[in-house]
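Only one structure is covered here, and it is reproduced in the block below.
Bear in mind these aren't lab numbers, they're just calculated from the coordinates by the rules spelled out. Values in this document were obtained by computation on a predicted structure and should not be read as measured data. We place every Cβ from the backbone using ideal geometry, glycine too, and count neighbours over all the protein chains shown.
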Amino acid sequence: MKSVSFVAVLNVSPESRVPGSVATGEQEILHKARELLEAGADWVELGARSISEGVARLSDAEEQERLMPVLAHLAAEGIPLMVDTWSEETAIRSVEAGVGIVNFTGRHPSRSFHRYLGEHDVPMICTFMAYADAYDMRDQPCANYGLDEILSYFREEQEKAKAEGCRIIADPNLGIFHPEISDADKLAYQLQAIDALLPLGEMGLERYIYSPRKESLVSRQLMAQLIHRAGPEFVRVHEPRIYQDAAAALDRRRETALI
């Protein structure tokens with residue numbers, strides 16, 4: 001299987017609705033992080049804000065209150081860490097606490113933020129967003145966007161990052177959607193995000209994408225194989241083994257020239 005870095009999700013937001021992703025308390029969080037690494041993850045990505053519909057909003061200060069003690073503890077234990085945030089202040093404090101990669105989920109990171117990360121040699125995952133952030137998304141009508149808009153966004157961010165000496169990783173966004181979107185439209189946007197991986201690679205960008213936790217095992221395996229065919233460098237997963245098994249099966253078929 002082509003080398004890929006697996007990023008496992010660990011939510012320190014007790015209100016998160018993603019099964020199996022939540023841990024609270026330093027020892028439980030450390031145990032969960034080690035468990036994820038043993039299961040095949042290369043990075044543990046911490047998030048402190050749930051974006052599920054109906055969940056109360058947290059301020060940046062509240063997000064940081066949840067994250068900072070945990071990040072410092074995990075970094076001291078040698079856990080390879082990412083942080084998921086759309087707050088530049090939270091991201092900077094996370095870097096100071098020992099985070100190795102920032103997954104920035106706001107629409108337009110500032111040039112000064114690019115410069116800061118470049119100076120500290122910390123890569124940034126840039127997420128395509130049709131909204132300012134996931135909270136703003138709740139307040140806006142459901143946006144419509146195409147592949148051209150995704151690629152145009154990353155051309156702009158690539159130019160900005162190059163000028164400021166920042167390494168960016170492109171996330172075409174397969175996981176953050178408006179609460180009013182239909183299941184059929186959501187799937188269409190997810191396939192569009194996968195379609196974006198090849199041209200993003202041709203632009204010279206590293207790529208990061210979420211392998212979604214679908215209800216059925218076969219649906220998870222199908223999405224994993226579609227993603228694996230496009231060859232991203234980073235894959236965000238809840239269950240690394242499911243992705244690894246599905247990708248290995250696809251590679252076996254390639255090796256025997258069946259597809």
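Quick notes on this structure:
- Karplus (6.51, -1.76, 1.60) ³J(HN,Hα), θ = phi - 60°, over segment 31-41, in Hz, Gly and Pro reported as x: 4, 5, 4, 5, 4, 5, 5, 5, 7, x, 6
- Measuring nothing but how far apart in sequence close Cα pairs (under 8 Å, 6+ apart) lie, relative to its length, the chain scores a relative contact order of 18 percent.
- Applied to segment 192-197, the Karplus parametrisation 6.51 cos²θ - 1.76 cosθ + 1.60 on θ = phi - 60° returns per-residue 3J(HN,Hα) values of 5, 4, 5, 4, 6, 4 Hz, with x for Gly and Pro.
- Of [x] 26, 22, 20; [y] 46, 21, 16; [z] 37, 25, 15, the label for semi-axes √(5λ) of the Cα gyration tensor in Å derived from the coordinates: [x]
- Listed values for segment 237-249 are Karplus-derived 3J(HN,Hα) couplings in whole Hz (6.51 cos²θ - 1.76 cosθ + 1.60, θ = phi - 60°), namely 9, 8, 10, x, 5, 4, 5, 4, 5, 5, 5, 5, 4, and x replaces Gly and Pro.
- Considering only VAL7, MET203, SER21, and ranking their Cα positions along the charge dipole of segment 5-209 that arises from unit charges at the beta-carbon of Lys, Arg, Asp and Glu, the one farthest toward the positive end is MET203.
- Amide H to amide H distances under 5 Å link ARG236 with VAL7, ILE209, TYR210, SER211, where only residues 5 or more positions off or on other chains count and H is placed in the peptide plane.
- The label-point distance for MET68 and ARG115, in a model that sets each label 7 Å from Cα toward Cβ, rounds to 2.5 nm.
- Summing Cβ point charges (Lys, Arg +1; Asp, Glu -1) relative to the Cα centre of the chain gives a dipole of roughly 720 debye.
- Treating each Cα of segment 127-169 as one equal point scatterer and applying the Debye formula with no solvent, the log10 of I(q)/I(0) at q = 0.17, 0.33 Å⁻¹ comes out as -0.57, -1.09.
- If R0 is 30 Å, the Cβ-Cβ spacing of SER182 and ALA248 corresponds to a FRET efficiency of close to 0.35.
- Estimated [θ] at 222 nm from DSSP helical runs (n ≥ 4, -39500 (n - 2.57)) normalised by residues in the chain, nearest 500: -15000 deg cm²/dmol
- Over all other residues within a Cβ to Cβ distance under 12 Å of MET203, the charged ones net out to -2, with Lys and Arg as +1 and Asp and Glu as -1.
- Residue-count net charge about VAL7 - beta-carbon cut-off 10 Å; Lys, Arg +1, Asp, Glu -1: -2
- Cut-off 18 Å (backbone N to label point 7 Å along Cα→Cβ of ARG229), residues of segment 1-39: 1-2
- Among HIS108, ALA143, VAL122 the positive-end extreme of the charge dipole of segment 5-209 (Cβ point charges): VAL122
- Alpha carbon centroid spacing (whole Å) that separates segment 19-94 from segment 154-179: 21 Å
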